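Read-outs throughout are calculated quantities, based only on the coordinates presented, and are distinct from any laboratory measurement. Model, not experiment: these values are computed from the prediction. Note that each Cβ is placed from the backbone with ideal geometry, even for glycine, and that neighbours are counted across all protein chains shown.
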């Protein structure tokens with residue numbers, strides 16, 4: 001299991017690093033530069049609003065399905081038709097909820113039109129995520145990794161042609177941006193259906209007797225995801241609604257957030273692979289600690305090293321991406337990128353709790369986080385009148401949640417063997433702070449510093465005891 005985890009996480013990271021940064025920095029960034037901060041900020045706020053209500057599309061069905069199929073592959077045939085029909089019904093409920101919200105907040109026709117297209121994107125994304133959960137739960141991680149980037153690859157081809165052809169560049173509008181995303185998701189769904197069909201071993205059918213109990217069973221998952229959406233995605237929407245220049249402020253916050261969004265794909269990859277592995281280990285009464293400790297040693301030091309480097313070179317990174325920086329943007333970027341280690345903690349330990357079906361405990365944690373996040377954002381936005389407010393609040397809330405998940409896992413699984421790792425992480429953080437301080441004060445350029453950090457990373461971790469070559473040999477020799 002250790003060998004499978006390490007091998008597949010390496011493959012998944014390589015595939016995603018080859019595709020998703022091009023989408024985020026080559027396509028999404030250029031979209032903001034062409035559309036302008038205000039129009040892109042409105043798009044970003046509405047997209048995040050659609051994500052907050054995304055739980056209506058899924059009701060926790062995907063997470064439940066992933067866990068059930070990982071424990072028993074027959075669950076795929078039993079649930080496929082029920083979940084597909086449920087998602088279609090929930091889509092209309094989702095549209096109604098978004099329309100009511102848009103009218104309540106007095107959005108105009110243009111904004112509602114964008115919100116409607118964003119809703120279609122969320123529905124398609126939710127459906128392909130469900131289809132991928134079946135493939136992932138069957139431990140077909142390579143296929144899942146391909147499907148995870150298929151939509152982005154199609155978008156890169158279309159937008160890349162448009163952006164880098166002066167004769168077509170004038171065609172780019174916010175509506176074209178949204179319609180192309182819809183087309184790309186539809187193509188990715190076709191690919192996912194093809195691979196899903198290959199692992200179906202018996203006929204599928206719809207059953208009301210199974211449909212209603214399944215929906216009832218997912219209510220706790222739905223509550224959990226709704227609360228997660230509130231504390232993770234409501235900030236841009238609140239900025240856009242609560243400030244006179246909210247669309248512009250949301251767009252500027254998007255500049256701070258884009259790099260973290262790109263980096264956190266690594267954490268999502270870990271979570272996607274860990275969920276079925278943990279679920280299967282728990283079902284078979286195996287110890288989860290070896291895989292837990294390996295994932296922590298792989299993800300947490302990397303997230304800390306990247307956050308420290310980006311903190312020192314914030315101005316240089318922002319000017320490289322946007323040809324612009326100011327004191328507020330630099331401070332916001334440092335706060336946002338500083339959240340990366342906290343998100344690494346959440347991606348590991350919340351996945352372990354979800355695999356153990358500790359949903360009530362997770363709901364309690366996320367409920368407290370959502371209340372604190374919304375209240376603090378309300379007062380912070382009123383005080384700062386800037387996107388810096390949500391950057392500060394987000395930093396404190398995310399670290400609080402990360403620590404809470406660790407304690408939740410410790411309560412469920414006992415001693416996790418994390419105390420030595422904690423000391424290693426503290427010492428490693430100090431070493432990376434000193435190394436990057438030296439590089440920055442010596443006026444070493446951004447590019448040279450990137451290579452210096454890469455070269456220093458493995459020796460620093462080796463001497464701090466995060467791994468040794470004997471252990472690596474054991475991991476790859478174990479099944």
Bin all alpha-carbon pair distances of region 2-477 at 20 Å intervals from 0 and give each bin's fraction as a whole percent. 22, 60, 18, 0
Rule-of-thumb check for region 401-463: C-alpha Rg over 2.2 N^0.38 Å? 1.53
As a footprinting exposure proxy, order 346, 422 by other Cβ within 10 Å, with the fewest listed first. 422, 346
Quick check: the distance between the Cα centres of region 209-265 and region 388-444, to the nearest angstrom? 23
When a/c is below 1.5 the answer is rounded, else prolate if a/b is larger than b/c, else oblate, so apply that to region 117-188 with a ≥ b ≥ c taken from the square roots of the Cα gyration tensor eigenvalues. oblate
Sorting 242, 23 on the 10 Å Cβ count, fewest up front, what's the list? 242, 23
Expressed in angstrom and ordered largest first, the alpha-carbon extents of region 305-412 along the principal axes are 47, 33, 16
Quote the Stokes-Einstein diffusion coefficient, in whole µm² s⁻¹, for region 237-380, based on the Kirkwood radius over alpha carbon pairs, a temperature of 10 °C and a viscosity of 1.306 mPa s. 92
CD proxy, 222 nm, the chain: helix-only mean residue ellipticity via -39,500 (n - 2.57) per DSSP H run with n ≥ 4, per residue, nearest 500, stands at -28500 deg cm²/dmol
